[in-house]
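Down below is the structure, laid out as structure tokens.
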Amino acid sequence: MLPRTMAAVLLTGHGGLDRLDYRTDVPVPRPKRGEVLIQVAAAGINNTDINTRIGWYSKSITSGTSEGGAAGLDAANDVDATWSGAALNFPRIQGADVCGRIVDVGEGVPRGRIGERVLVRNMLRTPVDYRPFECWTFGSECDGGFAQFTVAPSRETYAVDTDRSDAELAAVPCAYSTAENMLHRAGVGAERVLVTGASGGVGLAAVQLAKRRGATVLAVCSAAKAADVSAQGADATVDRDADLASALGRTAVDVVVDLVGGPQTSRLLDVLRPGGRYAISGAIAGPMAEIDLRTLYLRDLSVFGCTFQEDEVFKNVVAYVERGEVQPVVTRTYPLAEIARAQEDFLRKKHTGKLVLVPSPPST
């Protein structure tokens, strides 16, 4: 029998860590038509959780995530501080990454799904009727996985057959689908690929997934994490403070997979060959960049902004996991109640890969 209430972390408004309210009296959601109820086994932490909390997506913000990650950003405008640009409804249960088991289903969903071990697609298309280039972010435009239970559309909740742990699977949805989407959009094959922020969750996923495609991977990271990144498949590492053109040579790279943004953007374009591609899906170093437009048009460069994901992207990620073609890296797990400490550790960027929250089993 399912409990009536659950433990969950409520985001009560845009701001600092004090806006994360751990409660044990939150009503367990009930699945509506076409939905499943999932008992959350583990939920990964992502930059988007922090960006959403502090209102970083607002166009009024020009700084990097770290400047307001703990205390919040005073300049954030609540009206446009989300992925979609529409105001967020509070309280909100965040958490884009979910691994768990289906424990109930709504009308129209086969009861045979109950018991499945599942991952939820983090970029949901069901709420926008599968319109191209529209999506909801799980844990932003709707409640997500920082709770003992969550609901999700059945057609976007994927059964997964693997021996990987719950924590490892919770490291997959956001990081690996983001990375795979960038590679998919840029059409990456057996060529030279430069990955920025390569020691983070998405960065390591991009390294692994680019290698899977036969690419030669050049990874930008700190010297302290170079060995860890190389162990995940990078053919060479470049210190994040290095002059890229001097280290690699101008026009030495076919594709740049950029997860950092900020002032280094122009230097990334400088190392792309004529006809090269630049894919971006993150700007933790800052959303503002000055570039020389002549570099873009004289070298015939292509730029891909990557958020929306075609259906095949997440399906492929699940298949890669089931076939053992990727290896999620989890540095540490935390009880759900310690979300503030986990996000503080996340902001320090001392870890490699992912940090994951683990809700306690519900009392019945």
- [ ] Using amide H atoms built 1.01 Å from N in the peptide plane, name the residues 5+ places from Val303, or on other chains, whose amide H lies under 5 Å from its own.
- [x] Tyr278
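Counting Lys and Arg as +1 and Asp and Glu as -1, each charge on the Cβ, what is the dipole of the chain about the Cα centre in debye, to the nearest 20?
380
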Open item on the list: Among Gly261, Ala236, Thr157, which residue has its Cα furthest toward the positive end of the charge dipole of the chain, with +1 on Lys/Arg Cβ and -1 on Asp/Glu Cβ?
Closed with: Thr157
Open item on the list: Taking a cut-off of 14 Å, what percent of all Cα-Cα pairs in region 151-225 are separated by more than that?
Closed with: 65
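Within region 266-328, list the chymotrypsin sites (Phe, Trp or Tyr not before Pro) lying in a DSSP loop whose Cβ has at most 13 other Cβ atoms in a 10 Å radius.
Values: sites: Tyr278, Tyr297, Phe304, Phe308, Phe314, Tyr320; in loops: Phe308.
Here no loop site has a sparse enough neighbourhood.
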Open item on the list: Over the Cα atoms of region 66-112, each weighted equally, I'd like the Debye log10 I(q)/I(0) at q = 0.16, 0.30 Å⁻¹, rounded to two decimals.
Closed with: -0.72, -1.18
Task: Over 30 Å between alpha carbons, listed pairs Lys59/Lys354; Lys59/Lys225; Lys59/Lys315 - done: Lys59/Lys225; Lys59/Lys315
Open item on the list: How large is the Rg to Rh ratio of region 88-197 when both quantities use alpha carbon positions and Rh follows Kirkwood?
Closed with: 1.00
Open item on the list: Just want the answer: with Cβ charges of +1 for Lys and Arg and -1 for Asp and Glu, which residue in Thr65, Thr12, Gly34 is farthest toward the dipole's positive end in the chain?
Closed with: Gly34
Open item on the list: Give the average over all directions of the projected area of the C-alpha convex hull of region 177-305, one decimal, in nm².
Closed with: 6.7
- [ ] Quick one: go through region 295-339 and flag any residue whose amide nitrogen is under 15 Å from the point 7 Å out along the Cα-to-Cβ line of Arg348.
- [x] 331-334, 339
Open item on the list: I'd like the FRET efficiency for Arg23 and Asn77, computed as 1/(1 + (r/R0)^6) with the beta carbon distance as r and R0 of 25 Å, rounded to 0.05.
Closed with: 0.35
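I'd like the chymotrypsin sites (Phe, Trp or Tyr not before Pro) in region 106-152 restricted to DSSP loop residues with at most 10 other Cβ atoms within 10 Å, sorted by number.
Details: sites: Tyr130, Phe133, Trp136, Phe138, Phe146, Phe149; in loops: Tyr130, Phe133, Phe146.
For chymotrypsin sites (Phe, Trp or Tyr not before Pro) across region 106-152 that sit outside H, G, I, E and B with at most 10 neighbouring Cβ atoms in 10 Å, the list reads Phe133.
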TODO: List the extent of the Cα atoms of the chain along each of their three principal axes, largest first, rounded to whole Å.
DONE: 63, 46, 40
Open item on the list: Cα atoms only: what Rg and Dmax, in Å, come out for region 11-126?
Closed with: 16.3, 49
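Between Glu322 and Ser266, 0.36 nm times their residue separation minus their Cα-Cα distance comes to what? Show your work: numbers first, answer last.
Values: separation 56, 0.36 × 56 = 20.16 nm, distance 3.83 nm.
Length gained between Glu322 and Ser266: 16.3 nm.
How high is the relative contact order of the chain, in percent, counting Cα pairs under 8 Å that sit 6 or more residues apart?
18
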- [ ] Would you work out the charge dipole size for region 177-305 about its Cα centre, treating the Cβ of every Lys and Arg as +1 and the Cβ of every Asp and Glu as -1, and quote it to the nearest 20 debye?
- [x] 280
Open item on the list: Let's test the formula: R0 of 25 Å, r as the Cβ-Cβ distance of Glu312 and Asp163. What FRET efficiency results, to the nearest 0.05?
Closed with: 0.50
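Here, each number is a calculation from the coordinates, and none is a lab measurement. Everything numeric here is computed off the predicted structure, so don't read it as measured data. For neighbour counting, all protein chains shown are included, and Cβ atoms are generated from backbone atoms with ideal geometry for every residue, glycine included.
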